[in-house]
1. Return the residues of segment 71-95 that are of a type in the set (D, E, K, R) and either in contact (Cβ under 8 Å) with a residue 40 or more places away in the chain or surrounded by 10 or more Cβ atoms within 10 Å (Cβ to Cβ) (or both); say none if nothing qualifies.
2. What number of residues within segment 5-21 satisfy the criterion of being open to solvent by 40 Å² or more (accessible area, probe 1.4 Å) and over 8 Å from the mean Cα position of the chain (by Cα)?
3. Return the residues of segment 22-70 that are of a type in the set (Val, Ile, Thr), surrounded by 10 or more Cβ atoms within 10 Å (Cβ to Cβ) and either in contact (Cβ under 8 Å) with a residue 40 or more places away in the chain or part of a loop (DSSP other than H, G, I, E, B) (or both); say none if nothing qualifies.
4. Here are some conditions: (1) modelled with pLDDT under 95; (2) among the aliphatic types (A, V, I, L, M); (3) over 16 Å from Asp90 (Cα atoms). Val45 meets all but one. Which one does it not meet?
5. State whether one or more residues within segment 69-77 are within 15 Å of the chain's Cα centre (by Cα) and within 24 Å of Tyr92 (Cα to Cα).
Amino acid sequence: MSVLIKPLVTEKVSALNETGKYGFIVDRKANKVDIKKAVEKMYGVTVEEVNTMNYLGKTKSRYTKSKVITGRTPSFKKAIVTVADGEVIDFYSEI
């Protein structure tokens, strides 16, 4: 099971990167200890704090010729990870 799904590269999280906080989309069943171990193993940094948020998927509807189709986007879990002072995570080093 992969704990880290993908890093968040939004404007709001990029502003947090200046203060040593990084965002990730993580597995919904992962807890804070699992997330901390996965980030430390993958990026080689010391994690001080992990904050998690569960997001419910949005409802979407689409109009077709015969009827209205309603559905839901997938739910996900977001983690904001605070690393030790002076340490940086470079998401673009592998590109």
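1. Arg72, Lys77, Lys78, Asp85, Glu87
2. So the count comes out to 11.
3. Residues satisfying the conditions are Ile25, Val26, Ile35, Val39, Val45, Thr46.
4. Condition not satisfied by Val45: (3).
5. Yes: one or more hits.
The values are calculated or read from the model by the stated rules, or taken from the named source; none is laboratory data. Here the structure is a predicted model, which means the values were calculated and not measured. Cβ: placed from backbone, ideal geometry, glycine included. Neighbour counts: every protein chain shown. Side chains are part of the model used for accessible areas, which takes the heavy atoms of the whole protein and leaves out ligands, DNA and RNA. Shrake-Rupley method; radii C 1.70, N 1.55, O 1.52, S 1.80 Å.
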